[in-house]
Amino acid sequence: MNKEELLQEWLKEEKKAQIQGWNFSHIYGRYEEEDDLPWDFHEIIKKYLSHDMKLLDMETGGGEFLLSLNHPKNLISAIEGYKPNVEYCRDVLLPFGIDFKEADGLDDLPFEDKKFDIVTNKHGDYKVTELKRVLKNGGLFLTQQVGAENDRELIELLLSEKTTCTFANQYLNIRKKELEDHNFEILESNEVYRPIKFYDVGALVWFAKIIEWEFVGFSVESCIENLYKAQAILEKKGVIEGRIHRFYIVARKT
């Protein structure tokens, strides 16, 4: 395709950049990430989750990951604060009898003290003081987080600038110490940097529009010259690569 044809294709992807829940199926087969993490967060949760536990899932997205745990619905609570997902969660989770409430992870949680045996959080915000308040004594907090250096190379490619860490505290050692300072015992943890790969620039456009808090100010028209650079990299190497930054923590309230 020539430059004008590429531009029109990328503008179409930009318009398509809307999701319900946390569903990236639109670009499946066109990009890869999290395929080779040295842990499986789902299996880690299942290791600690017993059938009778009261569970809170924070920033649940569209509830896809939560429902995959197959926990008794009457023992589940969930929060989500991202506006496009809130109504979707109400439609999907409330009919199951799940106690869903609109709230962000950094809000004061809309639950009473010492309500939960276990709190799960995949890629969402949290306040340790609120975790401590809503967990029972001996309760568990399990989180997988996106680290401070996530997608850095891709951001710099598209936005033409060296980025500062928007989420500067998002490193395993910092988040572990924060929990320990609030009387949590760290049971296990790990941190890795792994590849993220894009096999067409349109998929990268869609991704950058969805992850708007990382690719701040991105649009096809404002970044068009950098998109042509990305296309040149793709044509030369067959792939556009960056790195993801992930870590997880399992902690117990003491």
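Among the residues of this structure, Thr129 does not count as one that is outside any loop (DSSP other than H, G, I, E, B), among the β-branched types (Val, Ile, Thr) and in contact with a Ser or Thr (Cβ under 9 Å, 6 or more places away or on another chain). Among the residues making up segment 35-51, those that are surrounded by fewer than 16 Cβ atoms within 10 Å (Cβ to Cβ) and under 14 Å from His71 (Cβ atoms) are His42, Lys46, Lys47, Ser50, His51.
Looking for whichever is under 17 Å from the mean Cα position of the chain (by Cα) and at positive phi here; the options are Glu64, Glu59. Which one fits? Just one listed residue meets the conditions, Glu59. Filtering Val205, Val192 for residues that are among the β-branched types (Val, Ile, Thr) and either assigned to a helix (DSSP H, G or I) or on the phi > 0 side of the Ramachandran plot (or both) leaves a single hit, Val205.
When Phe207, Phe141 are checked against the criterion of being crowded, with 19+ Cβ neighbours inside 10 Å and farther than 22 Å from Gln18 by Cβ, Phe141 stands alone in meeting it. Provide a single number: the residues in segment 210-249 that are surrounded by 17 or more Cβ atoms within 10 Å (Cβ to Cβ) and in a strand (DSSP E or B). The number of residues fulfilling the criteria is 9. Can you pull out every residue in segment 149-198 that is in contact with an Asp or Glu (Cβ under 9 Å, 6 or more places away or on another chain), within 30 Å of Ile224 (Cα to Cα) and among the aliphatic types (A, V, I, L, M)? Leu154, Ile155, Ile196, listed by residue number. So, Asn190, is that one at pLDDT 95 or above, under 22 Å from the mean Cα position of the chain (by Cα), surrounded by fewer than 17 Cβ atoms within 10 Å (Cβ to Cβ) and not hydroxyl-bearing (Ser, Thr, Tyr) or not? Criteria met by Asn190. Against the test of being farther than 19 Å from Leu75 by Cβ and at pLDDT below 95, the options Thr164, Thr143 yield a single qualifying residue, Thr164.
Checked against the criterion of being among the charged types (D, E, K, R) and under 21 Å from Ala17 (Cα atoms), segment 188-198 contains one or more residues that satisfy it.
The values are calculated or read from the model by the stated rules, or taken from the named source; none is laboratory data. The shown structure was predicted, so the numbers you read here are calculated from the model rather than taken from an experiment. A quick note on method: Cβ atoms are made from the backbone with ideal geometry, for glycine too, and the neighbour counts reach across all protein chains shown.
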